[in-house]
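The values are calculated or read from the model by the stated rules, or taken from the named source; none is laboratory data. In this text the structure is predicted, and so the values were computed from the model without any measurement. Please note: Cβ atoms are built from the backbone with ideal geometry, for glycine as well, and neighbour counts cover all protein chains shown. For the accessible areas, the whole protein counts, side chains as well, though only heavy atoms, and no ligand, DNA or RNA atoms are used. Shrake-Rupley method; radii C 1.70, N 1.55, O 1.52, S 1.80 Å.
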Amino acid sequence: MISEDVLSRVDKRMFAECLTRNLIDQNGIIVSRPFEAEPSSYLGASIYDRFDFGDDHRVHTLYSGIVDILAHDCSAIHIDDYSFTKAWISDLLRPGTFIFLNRGHYFRDVTITKDNIVRLAYVKKRKVKFEYIIETRDMFGTSSMTVSFKGRRSAAALLMVKSINVADNVSVDCTPIALGAGQWTSARP
């Protein structure tokens, strides 16, 4: 999703700094690097743990800017209390549609390994469920793993609809684009 158009609108200084420091490639993709020491648990395997202090925040700042651009461009449909009906889902959502959920989520551990936890995240109301999978290795820092996206928490999620299963119950399977626990005002108009 990080197109040339998106890259042309990110903070130029931050992009150049991340590129010069070999944190990202020309396409804005994080340059994977091995851990200095093998993490003893998933708590030491976040994106922050793959970079030196300062570089981790540079990557986070760059990607926050990219998410702001993507969120602005994708015209996400905001899911509110009235969206949880079979008719609403059938009329307005299709695979490839972007949605925004800002409400209570459930996060349930599915698979736990030494360096990663796969979690099912979902929002459910009436007979409608929006769900997606997240992995702790893709998170920035341990607070996201241990507090923000665990158990039952309020979260903001930018998602792309993958499939919609309509039967007695409605299940909307999604791909997460961005997940946040806080609110801030974007510098973009």
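With contacts defined as alpha carbon pairs under 8 Å and 6 or more residues apart, what's the relative contact order of region 26-168 in percent?
Details: 204 pairs, mean separation 41.6, N = 143.
After rounding, I find 29 percent.
Any aspartates and glutamates with Cα under 17 Å of the Lys129 Cα? List them, leaving off those in the same chain fewer than 8 positions away. Lys129 reaches Asp80, Asp81, Asp91, Asp168, Asp173. One decimal place: the segment Asp73-Lys162 gains 30.2 nm when fully extended, by the rule 0.36 nm per residue minus the C-alpha distance.
Please report the net charge: other residues with Cβ closer than 14 Å to the Cβ of Arg21, K and R +1, D and E -1. Value of the local net charge: -1.
Extension gain, Asp81-Lys125: 0.36 nm per intervening residue step, less the Cα-Cα distance, totals 15.0 nm.
Compute the accessible area per residue over the chain, keeping the other protein chains in place, probe 1.4 Å, unit Å². Don't jump to the answer; show the numbers that get you there.
Numbers: 10650 Å² over 189 residues.
That works out to 56 Å² for each residue.
Ordering of 87-96, 31-40, 157-166 by packing is 157-166, 87-96, 31-40, highest average first (other Cβ atoms within 10 Å, averaged per residue).
Using only the Cα atoms of the chain, build the gyration tensor, take square roots of its eigenvalues as a ≥ b ≥ c, and label the shape rounded, prolate or oblate: rounded if a/c is under 1.5, else prolate if a/b is larger than b/c, else oblate. Numbers along the way, then the final one.
Details: a/c = 2.29, a/b = 1.40, b/c = 1.63.
In terms of gyration-tensor shape, oblate.
Dipole size of the chain about its Cα centre, with +1 on Lys/Arg Cβ and -1 on Asp/Glu Cβ: approximately 740 debye, rounded to the nearest 20. Between 0 and 90 degrees, the angle of helix 55-73 with respect to the longest Cα principal axis of the chain falls at about 40 degrees.
For the pair Asn102 and Ser41, label points projected 7 Å from Cα toward Cβ lie 3.3 nm apart. Selection among Pro34, Met14, Phe149 by position relative to the dipole of the chain gives Phe149 as farthest towards the positive end (Cβ unit charges, Cα centre).
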